[in-house]
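For reference, the structure is listed below as structure tokens.
Derivation of every value follows stated rules applied to the coordinates shown; laboratory data play no part. Everything quoted here is computed from the prediction, not taken from an experiment. Quick reminder, even Gly has a Cβ in these numbers, built from the backbone with ideal geometry, and neighbours come from all protein chains shown.
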């Protein structure tokens, strides 16, 4: 019997596990227009994967007459309430989480969103899927720094030298940079994000979760390890 090398799957949140970007964009647009600002989809996508405070500052630069904290708090509350009502899972994500849990392979959420939003996702996920999460409320450098993914590795006992045995699934350039710099075998999820990440540092790319399971994720890890061995 072949020993499985895949140790864990480390998941970004928005645009990877859930299709929440439209909700964030809706919140940004409503808040900006209600407070003297200008905003559109192109501007919203430019902040995808960045901390909510970055989007808030961008909204101020575009004329929104509120403080960073006021905007950030309003955005988080708007999206949080919508996700409490219904978590907008992307098609196939829950199935992958269930398969991993069945095989005893832990998942860890790695998000710039605040703690209550991370906890809400974990609470609504398939039972036993998540071993924990790293979130924007933690006292860590933010993506694209590798710190969040290195912290996620520690949740499952992966030392930096073992990070290639962890799959990281991300959808934004900043997230891909963070995951790749941590040493994780990084997969770009391109099916649910409006930005082009074809020039990112990922090891491989997928579009959606059709046909993706434990065997396929294990295959990516083995390919990566072979490449590292030269």
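Observations on the model:
- Pair residue 216, residue 95: separation of 7 Å Cα→Cβ label points (nm): 0.9
- Solvent-free Debye scattering, log10 I(q)/I(0), computed from the Cα coordinates of the range 21-85 at q = 0.15, 0.20, 0.26 Å⁻¹: -0.37, -0.67, -1.15
- Extension gain, residue 3 to residue 226, is 78.7 nm, computed as 0.36 nm per intervening residue step minus the present C-alpha separation.
- Ranked by how many other beta carbons lie within 10 Å on average, peptides 112-118, 206-212, 39-45 from highest: 112-118, 39-45, 206-212
- Estimated [θ] at 222 nm from DSSP helical runs (n ≥ 4, -39500 (n - 2.57)) normalised by residues in the chain, nearest 500: -13500 deg cm²/dmol
- Spin-label model distance (nm) - residue 139 vs residue 26, 7 Å beyond Cα toward Cβ: 3.7
- When peptides 76-83, 57-64 are sorted by average Cβ neighbour count within 10 Å, with the highest value leading, the order is 57-64, 76-83.
- Model label zone, residue 116; criterion: amide N under 13 Å from point 7 Å along Cα-to-beta-carbon; scope the range 74-101: 74-85
- Antiparallel DSSP beta bridges within the chain, as percent of all bridges there, nearest 5: 5
- Relative contact order for the chain, counting Cα pairs under 8 Å that sit 6 or more residues apart, in percent: 23
- Rounded, prolate or oblate (a/c below 1.5 giving rounded, otherwise prolate when a/b exceeds b/c) for the range 143-224 by Cα gyration tensor: oblate
- Cα gyration tensor shape for the chain, rounded if a/c is under 1.5, else prolate or oblate: prolate
- The simple spin-label model puts a point 7 Å past each Cα toward its Cβ; for residue 123 and residue 80 those points are separated by 1.1 nm.
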